[in-house]
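No value in this document is a laboratory result; all are computed from the given coordinates. Just so it is clear, the structure is predicted and the values come from calculations on it, not from any experiment. Cβ coordinates were reconstructed from backbone atoms using ideal geometry, including for glycine residues, and neighbour counts include every protein chain displayed.
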Amino acid sequence: MKAVLFDLDGTLLDTAPDFIVVLNQLRQQEQLPPLPDETIRGTVSNGSRALVTLGFNKEEGDPAFPGLLQRLLDLYLAHLAEKTTTFPGIDNLLDNLVEKNLPWGIVTNKPEAYTTPLMEAFTHLPPASAIVCPDHVSKSKPDPEPLFLACSQIGCAPAEAIYIGDHKRDIIAGQKAGMPTIACGYGYIDSTDNPANWGADHLVNSANEIWPLLEQHYF
């Protein structure tokens, strides 16, 4: 194995606290009571559109949807990384990868306008060898195109990389790319979903489990 690729929200970074704050701020502006943290947390991996649907019971196509979405995104950009942290175990994992001269990268469905400033806020992390956002490809996950691009940027074959994520779409994309996959049970998983059913090669319930697993099976 020559590279390790990560999803971003719910896998590498715990961004949910900032989304919880801004969605409930927007609900307050609309004279609505706050939603429970866990209700919002389970939806974060599905993106801002899903959060608007959750928060306001509006689907795309509703006349109010675009305005609510833009206000949510503006609020999020204004509060980016205020409460976001790396998940426990991620810092050590990345340090171990760097120590072994193993490149790591990010493949996310989060647009570049939010991914870049978010990662710039985490100055203590070693630099990623590839960061692929939807802006950089014609098709997003679960299509494998973003994973192929990350491997091209790093200089490895897809079969020489492993992909780690907290959503079924991550596992599907990894499988389509011919990569081993790790499902993160600690991420943003809806209460009706079960990562054990995604068909990943491995399932972890803490980021602290990832490095020992990689050492045992791949390095």
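The string of couplings for the range 112-125 from the Karplus curve (6.51, -1.76, 1.60, θ = phi - 60°) is 4, 4, 9, 5, 4, x, 5, 5, 5, 6, 9, 5, 7, 7 Hz, one whole number per residue in order, with x for Gly and Pro. Normalising the average separation of contacting C-alpha pairs (under 8 angstrom, six or more residues apart) by the number of residues puts the relative contact order of the range 16-78 at 34 percent. For Phe6, the amide hydrogen comes within under 5 Å of the amide hydrogens of Gly105, Ile106, Val107, Ile164, counting only partners 5 or more places away or on other chains and with H modelled in the peptide plane.
When the charge dipole of the chain is built from unit charges on Cβ atoms (+1 for Lys and Arg, -1 for Asp and Glu) and taken about the Cα centre, the candidate among Leu77, Pro34, Ala159 whose Cα reaches farthest toward its positive end is Ala159. Per-residue Karplus couplings for the range 31-43, computed as 6.51 cos²θ - 1.76 cosθ + 1.60 with θ equal to phi - 60°, are listed in order as 6, 10, x, x, 8, x, 3, 5, 5, 6, 4, x, 9 Hz, Gly and Pro entered as x.
If only the Cβ of Lys and Arg carry +1 and only the Cβ of Asp and Glu carry -1, the dipole of the chain around its Cα centre is close to 300 debye. For GluC sites (Glu not before Pro), the sites in the range 67-133 that DSSP calls loop and that have at most 12 other Cβ atoms within 10 Å are Glu82. The residues neighbouring Met179, those whose beta-carbon lies less than 11 Å from its own, together hold a net charge of -2 under the Lys/Arg +1, Asp/Glu -1 convention.
Rounded to the nearest 20 debye, the dipole size of the range 16-78 about its Cα centre is 40 debye, using +1 on the Cβ of Lys and Arg and -1 on the Cβ of Asp and Glu.
Just add up the charged neighbours of Gly47: K/R +1, D/E -1, any other residue whose Cβ is under 15 Å from the Cβ of Gly47. Summing Lys/Arg as +1 and Asp/Glu as -1 gives -3. Sorting the segments 172-183, 1-12 by their residues' average number of neighbouring beta-carbon atoms within 10 angstrom, most packed first, yields 1-12, 172-183. Once the Cα atoms are used to define both axes, helix 145-154 deviates from the longest principal axis of the chain by about 50 degrees. Normalised by the number of residues in the range 64-219, the mean separation of alpha-carbon contacts (under 8 Å, six or more apart) gives a relative contact order of 18 percent.
Proximity of backbone amide H atoms, modeled 1.01 Å from N, is registered between His167 and Cys184 at under 5 Å, excluding neighbours fewer than 5 places apart on the same chain. Residue-wise HN-Hα couplings along the range 13-29, as the Karplus relation 6.51 cos²θ - 1.76 cosθ + 1.60 with θ = phi - 60° gives them from phi, are 10, 8, 8, 4, x, 6, 5, 4, 4, 6, 5, 6, 4, 5, 4, 4, 4 Hz; Gly and Pro carry x.
The C-alpha atoms of the chain define a longest principal axis, and helix 90-99 lies at about 30 degrees to it.
If you take the alpha carbon atoms of the range 16-78 and fit the smallest convex hull around them, that volume is 72 Å³ per residue.
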